[in-house]
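These notes are about the structure you will find just below.
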Amino acid sequence: EEISAIEPTGWPSVLNGVAQMLAAASRPSSNGSPRDRTARLRRDRILAHIAQNLHDPELRPGTIAKALGMSLRVAERCFQQTGSESLAATILAMRLDRSRIALQDPALAHLSICELAYRCGFNDAAHFSRVFRRRFGTTPTAVRES
């Protein structure tokens with residue numbers, strides 16, 4: 001299915017599926033200890049929650065932990081135990097990935113770059129541009145024009 005055929009309301013489901021696939025692919029081949037399995041399961045729940053709520057600019061590690069009924073420390077620790085980047089870095093990376101896809105989507109060409117950034121959970125256009133350039137080595141405008 002082409003990306004441009006996905007309706008805006010379908011993005012949370014698509015990204016949830018992608019998050020689950022990435023989580024499954026990043027699991028070690030051995031089952032590990034029960035503690036490691038628990039951390040991976042929590043991490044998978046967190047990734048699914050992030051994918052479903054990425055558009056919310058208030059989505060932060062603390063709000064995720066609260067929504068999932070765990071402490072912030074437990075949420076952060078499950079990312080450390082699985083060798084992942086921090087929870088905050090994961091949120092930012094997922095937002096940047098979603099924004100890059102949106103910038104390349106012809107169906108969203110009528111929206112400004114700022115509007116796309118806001119839809120991806122950023123609430124500051126300058127910050128979005130800085131972190132986008134740092135991550136991808138190019139500007140949002142250049143990605144849109146390519």
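Using the Cβ of Gly69 as centre and a radius below 11 Å, the other residues enclosed give a net charge of +3, where K and R count +1 and D and E count -1.
Near Arg95: Cβ cut-off under 15 Å, other residues only, Lys/Arg at +1 and Asp/Glu at -1. The net charge is +2. The rule of thumb for compact globular proteins, 2.2 N^0.38 Å, goes into the C-alpha radius of gyration of region 39-142 1.13 times. Among residues other than Phe122 with Cβ under 14 Å from its Cβ, the summed charge is +4 (Lys and Arg +1, Asp and Glu -1).
Every number in this text was worked out from the coordinates using simple rules, so none of it is lab data. Here the structure is a predicted model, which means the values were calculated and not measured. All Cβ positions, even for glycine, are placed from backbone atoms using ideal geometry, and neighbour counts span all protein chains on display.
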